[in-house]
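Right, one structure below, let's go through it.
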């Protein structure tokens, strides 16, 4: 999985408020529901990243592909998330 090929260098974190549930982050770039998977990866080697949200909260999904905490942004893009929670 190489999310960097989906999002250009300098891709910004994607801030979303999500309800509790299981989500699937698109990694193929073909989804019509980005940043979430809609099954468009079918037939490819790219698989979505599943993640769970336990309570309603604001999250920042990685937009550059460099985060070591996929699908979440860890600041590897150089954008500080301090104070954005």
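Readers should treat all values here as calculations from the given coordinates under stated rules, not as data from a laboratory. Nothing here was measured: the structure is a model prediction, and the numbers come from that model. Cβ: placed from backbone, ideal geometry, glycine included. Neighbour counts: every protein chain shown.
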What list do you get for 30, 58 if you sort them by fewest beta carbons within 10 Å?
58, 30
Relative to the present Cα-Cα distance, how much length would full extension add between residue 50 and residue 22 at 0.36 nm per residue of separation?
9.4 nm
